[in-house]
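Inspection log for the structure reproduced underneath, given as structure tokens.
What follows is calculated from the coordinates using simple rules that are stated; it is not laboratory data. Keep in mind that what you see is a predicted model, and the values were worked out from it rather than measured. All Cβ positions, glycine included, derive from the backbone under ideal geometry; neighbour counts span all protein chains shown.
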Amino acid sequence: MGRMVAWEYALLVRRYQGQGRNFHVSFVWYGPEGSRTDVTTYGDTAIAHLNRVGREGWELVSAAEDVNNVQGSTEVHRYHLKRPIS
């Protein structure tokens, strides 16, 4: 039997809030050790963030979206990632 791979997991969350020209987009990184870091300054698109963490060995496992248009507009995109533990 081959060697079993151990993984660590992280979460990238994109939050869009507002309407029309009055909106705010933020990105938060939830690291495998339990950290929470605002990474908005590293890019303004999900692709920019996914490419950045991809260069660090992270692989996208799944993505999910929640939209709430009851009071204004709120979109939350969650990107679940993993990478092998060295």
* To do: State the number of residues belonging to segment 38-60 that are more than 11 Å from the chain's Cα centre (by Cα) and part of a strand (DSSP E or B).
  => 1
* Among residues belonging to segment 61-83 that are of a type in the set (A, V, I, L, M) and within 13 Å of the chain's Cα centre (by Cα), point out the one that is surrounded by the fewest Cβ atoms within 10 Å (Cβ to Cβ). => 64
* Return yes or no: is residue 5 of a type in the set (A, V, I, L, M) and part of a strand (DSSP E or B)? => no
* Please work out if residue 83 is in contact with a helix residue (DSSP H, G or I) (Cβ under 9 Å, 6 or more places away or on another chain), touching a residue at least 24 places away in the same chain (Cβ under 8 Å) and not aliphatic (A, V, I, L, M). => yes
